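Below is one structure; the comments refer to it alone.
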Amino acid sequence: MVDKTEISKPIEIKDSSLERVAFDLMERIANSEGYNNEEAYRKPNSREYFLKLYNQCHKVVSSKVANIDEILKD
């Protein structure tokens, strides 16, 4: 298994892409849950919180039929 990731060109997130919509949704949810200031980003579990939340948001926006209960189990 490779432990190193290299990116050869800039990452682009287009305005209407699923990734951008998921990211914007993640930001809105995080803000409503109190992760809207610099102190919140330094919480011990903030990385896990944001990765899990983004994953859930991406599943929702990329699904034609979203079963929210199933997505929230992850």
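Residues in the stretch 43-52 carry Karplus couplings, in order, of 4, x, 9, 5, 5, 4, 4, 5, 5, 5 Hz; the curve used is 6.51 cos²θ - 1.76 cosθ + 1.60 with θ = phi - 60°, and Gly or Pro positions show x.
Using a simple spin-label model with pseudo-atoms 7 Å out from Cα toward Cβ, SER17 and ARG42 lie 3.2 nm apart.
Read-outs: derived from the displayed coordinates by stated rules, not from any lab. Quantities reported herein were computed from a predicted structural model and do not represent experimental measurements. FYI the Cβ positions are ideal-geometry reconstructions off the backbone, even for glycines, and counts take in every protein chain you see.
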